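Student: The structure is given below, and queries will be raised subsequently.
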Amino acid sequence: MVERHLRFFVVTAEEQHFQRAANRLFMTQSALSRRIQVLEEELGIKLFERLPRGVRLSPAGECFYEDVRNFNETLEKAKARARNVMQGHVGQLKIGLNPSAIRNRALGQAFQTFHQKFELIDIKIEVLFSEEQLVAIQSGDLDVGALYQFSTEPWASYFHIADDELLLAIPKSHPLASKPDLCLQDLAGANFIWPMRKYSPRMYDRMIAACNAGGLTPNIMTEVRSAEAVLSMVAIGLAVGFVDSHEVGSEPNSVVIRPLADFSVAFPLSLAWNPERTTPALQNFITVLTETVEAQKA
């Protein structure tokens with residue numbers, strides 16, 4: 001019951017006058033006076049001293065007013081924060097990124113736009129391979145992931161960002177570096193740097209299948225975790241290797257990146273999340289990314 005009368009008490013304390021307070025509250029003076037009297041009886045405290053012209057807070061009333069005012073300010077802040085969380089303006093977003101996805105232009109622009117519009121969202125980024133991201137999203141350790149969609153999980157929702165194509169990285173000094181219309185058969189006997197199957201089994205298998213379809217059984221010299229490692233080893237002339245199209249322009253001077261006429265392996269880069277765990281912050285991020293991708297297509 002006390003909470004129902006607090007607003008009447010605060011306005012009366014601010015006005016120090018029943019009639020002015022009643023006018024602010026759009027009620028009669030007698031009705032307000034009864035409210036204050038009921039509050040004093042419930043608290044067992046005399047809140048006001050009645051004067052010939054108006055009222056003033058009693059010592060106990062002054063103490064009560066200070067605490068109520070602080071309570072109201074805290075309550076308003078709590079309500080504002082709750083509204084911000086509900087609207088996705090405050091909170092945390094845990095995002096997974098495939099190592100290669102980091103260089104996607106639309107994704108990078110979406111991160112910048114999202115941070116500018118929702119600067120109070122605490123973004124946590126974890127660089128993980130696609131298979132690892134799916135496990136983390138399903139368990140709730142990640143809210144969303146930018147990954148290569150090798151299959152469609154029944155529990156997940158996806159948004160297609162782009163298709164990344166695999167190209168051949170070859171030492172600039174290699175005899176094939178300047179050969180027009182490279183094909184898989186040209187690489188018979190070449191040593192390859194290959195992605196580790198442990199981290200990307202579906203990517204590994206698709207690449208092997210594409211090579212076999214073109215009549216090439218790749219001689220895999222070593223397996224590495226990242227495209228950067230592929231480029232580094234190609235740069236010193238040890239082998240050739242496949243990298244995604246995002247690497248074009250960032251390769252060392254001693255490396256040439258070329259397409260192969262009979263090798264076409266594309267990976268859909270997608271945003272993935274569990275729709276049963278969609279938060280307002282996540283929905284805002286999905287919206288920003290969707291608008292960014294559509295704008296870049298236009």
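A short reminder: the numbers here are calculations on the coordinates, not readings from a lab. Keep in mind it's a predicted model, so treat the numbers as computed, not measured. We place every Cβ from the backbone using ideal geometry, glycine too, and count neighbours over all the protein chains shown.
Student: Over the Cα atoms, compute the radius of gyration (one decimal) and Dmax (the largest Cα-Cα distance, rounded to a whole number) for region 164-267, in Å.
Tutor: When restricted to the Cα atoms of region 164-267, Rg and Dmax are 12.2, 34 Å.
Student: What percent antiparallel are the DSSP beta bridges of the chain, to the nearest 5?
Tutor: Values: 25 of 42 bridges.
Roughly 60 percent of the beta bridges in the chain run antiparallel, per DSSP.
Student: At a 10 Å Cβ-Cβ cut-off, how would you order S254, S173, fewest neighbours first?
Tutor: With the fewest neighbours first, S254, S173 line up as S173, S254.
Student: Also, quick follow-up: With n ≥ 4 as the cut-off for DSSP H runs, can you work out [θ] at 222 nm for the chain, using -39500 (n - 2.57) per run divided by the number of residues, rounded to the nearest 500? Display every interim value, and only then the final one.
Tutor: Details: 9 runs with 128 residues, N = 298.
Calculated at 222 nm, the ellipticity per residue is -14000 deg cm²/dmol.
Student: Return the distance in nm (one decimal) between the two label points of a simple spin-label model at D67 and I123, each offset 7 Å from Cα along Cα→Cβ.
Tutor: It is 4.5 nm.
Student: Let me ask you something else. Among the aspartates and glutamates, which fall within straight-line cross-link reach of K117, defined as a Cα-Cα distance under 20 Å, with same-chain neighbours fewer than 8 residues apart omitted?
Tutor: D143, E291, E294
Student: Two decimals is fine: what's Rg over Rh for region 2-86, C-alpha atoms, Kirkwood radius as Rh?
Tutor: Numbers: Rg = 14.0 Å, Rh = 13.6 Å.
Rounded to two decimals, Rg over Rh is 1.04.
Student: To continue, here is another question. Could you let me know the centre-to-centre spacing of region 128-205 and region 221-256, using Cα atoms, in angstrom?
Tutor: 13
Student: Rank P171, A31, T292 by how far each Cα sits towards the positive end of the charge dipole of the chain (+1 on Lys, Arg Cβ; -1 on Asp, Glu Cβ) and give me just the farthest.
Tutor: My answer, from the dipole projection, is A31.
Student: So what's region 216-298 giving for Cα Rg divided by 2.2 N^0.38 Å, two decimals? Before the final figure, lay out each step's value.
Tutor: Details: Rg = 18.2 Å, N = 83, 2.2 N^0.38 = 11.8 Å.
Here the Cα radius of gyration is 1.54 times the empirical estimate.
Student: Regarding region 80-219, what's the average projected area of the Cα-atom convex hull, expressed in nm²? Show your work: numbers first, answer last.
Tutor: Working: hull surface 45.2 nm².
Projected over every direction and averaged, the Cα hull of region 80-219 covers 11.3 nm².
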